[in-house]
1. Is it fair to say A:Ser53 is free of Cβ contacts under 8 Å to residues at least 60 places away in the same chain, buried (at least 16 other Cβ atoms within 10 Å of the Cβ) and among the polar types (S, T, N, Q)?
2. Within 30 Å of A:Val68 (Cβ to Cβ) and among the acidic types (Asp, Glu) - does that describe any residue in region B:291-311?
3. Enumerate the strands (runs of 3 or more DSSP E) found wholly within region A:95-158, keeping only those where 1 or more residues are of a type in the set (Ser, Thr, Tyr), out of contact with any Phe, Trp or Tyr (no Cβ under 8 Å at 6 or more places or on another chain) and away from chain B (no Cβ under 14 Å).
4. Filtering region B:34-44 down to residues that are farther than 16 Å from B:Gly74 by Cα and in a helix (DSSP H, G or I), which residue is nearest to DNA strand D (Cβ to nearest atom)?
5. Any chance region B:161-170 includes a residue that's part of a loop (DSSP other than H, G, I, E, B) and either surrounded by fewer than 18 Cβ atoms within 10 Å (Cβ to Cβ) or of a type outside the set (Ser, Thr, Tyr) (or both)?
6. So, of the residues in region B:85-94 that are out of contact with any Gly (no Cβ under 7 Å at 6 or more places or on another chain) and at the interface with chain A (Cβ under 7 Å from one of its Cβ atoms), which turns out to be surrounded by the fewest Cβ atoms within 10 Å (Cβ to Cβ)?
7. Among the listed residues B:Phe29, B:Phe98, which satisfies the condition of being crowded, with 21+ Cβ neighbours inside 10 Å, in contact with a strand residue (DSSP E or B) (Cβ under 9 Å, 6 or more places away or on another chain) and hydrophobic (A, V, I, L, M, F, W, C)?
8. Only one of these conditions is not met by B:Pro65: (1) farther than 15 Å from B:Ala19 by Cα; (2) away from DNA strand D (no atom under 11 Å from the Cβ). Which number is it?
2 protein chains.
Amino acid sequence: MTEGTLGPVSDLELRHLAAMAAVVEEGSFGRAAARLGYTQSTVSQQIAALERSVGGPVFDRPGGPRAVRITPLGAVVLEHGRELLAKAAALAEAVDRFRAGDGRIDIGTFQSVSTVILPVVVRRLRDEHPGCDIRLSEEEPEAPRIGDLDLLFYDGPLDGDVEHVKLLDDPYLLVARRGTFSGRSVPLDRLDGAPLVAWPSTCDQPRMEEAFARAGANPKIVFRTAGNETLLSMVRAGMGSAVLPWLAVHAADARSDDRLRVHELRPAVPPREICLHWRAGRTHSPLAARAIEIAVEVAAGLADELALTYSGPAS
Amino acid sequence: MTEGTLGPVSDLELRHLAAMAAVVEEGSFGRAAARLGYTQSTVSQQIAALERSVGGPVFDRPGGPRAVRITPLGAVVLEHGRELLAKAAALAEAVDRFRAGDGRIDIGTFQSVSTVILPVVVRRLRDEHPGCDIRLSEEEPEAPRIGDLDLLFYDGPLDGDVEHVKLLDDPYLLVARRGTFSGRSVPLDRLDGAPLVAWPSTCDQPRMEEAFARAGANPKIVFRTAGNETLLSMVRAGMGSAVLPWLAVHAADARSDDRLRVHELRPAVPPREICLHWRAGRTHSPLAARAIEIAVEVAAGLADELALTYSGPAS
DNA sequence: GAGGATCATCGTGAAAAGCGATTGTTCCAG
DNA sequence: CTGGAACAATCGCTTTTCACGATGATCCTC
């Protein structure tokens, strides 16, 4: 016996195990070599190297045209070696699948995006990659964290090491009970002292209200809730008006409600920016990269739609 | 994207996967290198090679003293890679166990050996190698085949590509009802025409009967059976005498039976040879090699015992 | 014994593995 | 804002390994 111990695992080479398996299946070094695209002498040396690794012969070579036969040690090596090769093939296949876009993606979102943008993005992503595993989470704590998410939709700046693309400028619109205001657009100062229902002070809301204040309009916030439907019900009930981003108005389909009317504001409040964030400096999975592309496309489509309906902040 | 496909499995190297795992655990190329006994630059190149194999980066390198982070692709590779490394370690361990003498051994045997020699061999083998898996089979067809057996006890020549060691010269003895013959040894020709019970014509039996015939002794075979106890019962019942090898007499403990007497034959019939066979040109497992050694030792012990009791063929 | 099939071995050129030293980033502390 | 520290990448360089083709050595068949 040579030495009892096997050098770590490192001395094993998958190539050698593959050669061994081929020899077993073909019954000869030469045919195995042909199958693998090697020379007979190469296979001979590969087997020799393998035998050095495991510390003993794995084949009995009867000499002459008789097929080589596996030794008991060789049987042990082969049994495990085949599993090893199978696992290696599984790895290669998993990598291929990953590169083709399968895999898991975790996306964080918030209400308007969940309703208007995400369904389309998810649909297209699933169409392109039927095997993918898309997970959404809509948690909106005080300070939204990107955590372990691959992508996060958010309408404000995010602290931490984060990169983003801007998807959409989402202008604020006034939603009032029909008859409250007249005209397509309403001067901002008409809202000074007016009753308003509004979102809680999360996300972009504080910035928007500051913009009002700077313009000298100080509406009376008579109710705050995050529920868009509740807000609109309150508007319908005459509790007050609402200043909501276009995306939310669109999501709630407020314009098709006869009891409501959607006005622009003059001058326009700077729109909130819908952004898609991810941790800086991290390589995206193909799935995440594609999701970003799709989100940008979908948002561009929405921007077109928006531009057809409203004049936008420029005019 | 570079290319979609991974070169067969061959491009993967366990070494690279081990390096990757170490980097993940250590958080830096340099510390991983130290743990593996490599240089930082070597690990760097190993990871680069791995990334070439899988077609994309497996780590994001933030630069500076921040720990490297695994990419989504890297996570896929790592997950499978760890399994691969575990399997490789399992192979190494299995080989070590094999070399230490664990494993399976298939032994073929026949009646006398099963009773007298094998129990001792098995006992010693199991004592030395508690983890071993010993399988015995006692099939005695017309032509005993070594088949898939590692070792085969047999008392005659075996055809096929077979090697063997002779364990024991097993002399034939006459077992008779007490009072049938007088004296320690009985002349062979006294058996001419005498009633005999005997084994069927398998194994060494035909050769032994031919030896009788050549010596001019033609006994009358009145009953044939392979069951030793049955034979001896017939002898006790006066049906006839039996000519059995010493090993069978020893196994049946015939000498301690007052109704029986064991005689030598004069001149002695050439003894049957108890041999241990295996397929020619095949490397033995350590277990099989040890089994042969033990069998030889045990047989030598029996030969000594035999020599003390009987004069043997020489005198 | 000649011929065929098989594996081992040898010598060679190309590829790579590993190393030490250097360079290029990035972050942090003064 | 400027060193310094920690880190990975890169560059030559040497040594080892890889794969090949050609040549032996061995065994079986005819």
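1. Working: free of Cβ contacts under 8 Å to residues at least 60 places away in the same chain: yes; buried (at least 16 other Cβ atoms within 10 Å of the Cβ): yes; among the polar types (S, T, N, Q): yes.
So A:Ser53 fits the description; yes.
2. Here is the first cut: in region B:291-311, the ones within 30 Å of A:Val68 (Cβ to Cβ) are B:291-296.
Add one more test, that the residue is among the acidic types (Asp, Glu), and what stays is B:293.
Looking through region B:291-311, at least one residue is within 30 Å of A:Val68 (Cβ to Cβ) and among the acidic types (Asp, Glu).
3. Numbers: elements: A:104-108, A:133-137, A:151-154.
Where strands (runs of 3 or more DSSP E) fall fully within region A:95-158 and carry at least 1 residues being of a type in the set (Ser, Thr, Tyr), out of contact with any Phe, Trp or Tyr (no Cβ under 8 Å at 6 or more places or on another chain) and away from chain B (no Cβ under 14 Å), they are A:133-137.
4. The first filter runs over region B:34-44 and keeps only residues farther than 16 Å from B:Gly74 by Cα, leaving B:34-42.
Imposing the further condition that a residue be in a helix (DSSP H, G or I) reduces the set to B:34-36, B:40-42.
On the way: B:Ala34: 10, B:Arg35: 12, B:Leu36: 13, B:Gln40: 6, B:Ser41: 3, B:Thr42: 8 Å.
Of everything passing the filter in region B:34-44, B:Ser41 is nearest to DNA strand D (Cβ to nearest atom).
5. Start the filter on region B:161-170 by keeping residues that are part of a loop (DSSP other than H, G, I, E, B), which leaves B:161.
Checking the rest, the ones that are also either surrounded by fewer than 18 Cβ atoms within 10 Å (Cβ to Cβ) or of a type outside the set (Ser, Thr, Tyr) (or both) come to B:161.
There is at least one residue in region B:161-170 that is part of a loop (DSSP other than H, G, I, E, B) and either surrounded by fewer than 18 Cβ atoms within 10 Å (Cβ to Cβ) or of a type outside the set (Ser, Thr, Tyr) (or both).
6. We begin by selecting, within region B:85-94, every residue out of contact with any Gly (no Cβ under 7 Å at 6 or more places or on another chain); these are B:85-90, B:92-94.
When the remaining residues are screened for being at the interface with chain A (Cβ under 7 Å from one of its Cβ atoms), the result is B:85, B:87-90, B:92, B:94.
On the way: B:Leu85: 19, B:Lys87: 20, B:Ala88: 27, B:Ala89: 16, B:Ala90: 14, B:Ala92: 21, B:Ala94: 18.
Among those that are out of contact with any Gly (no Cβ under 7 Å at 6 or more places or on another chain) and at the interface with chain A (Cβ under 7 Å from one of its Cβ atoms), it is B:Ala90.
7. Values: B:Phe98 fails: in contact with a strand residue (DSSP E or B) (Cβ under 9 Å, 6 or more places away or on another chain).
None of the other options fit; the residue is B:Phe29.
8. Of everything listed in (1) farther than 15 Å from B:Ala19 by Cα; (2) away from DNA strand D (no atom under 11 Å from the Cβ), B:Pro65 misses just condition (2).
The values are calculated or read from the model by the stated rules, or taken from the named source; none is laboratory data. Note that the structure is predicted; figures quoted are calculated from it, not measured. With ideal geometry, Cβ positions are generated from the backbone for all residues, glycine too; neighbour counts draw on all protein chains shown.
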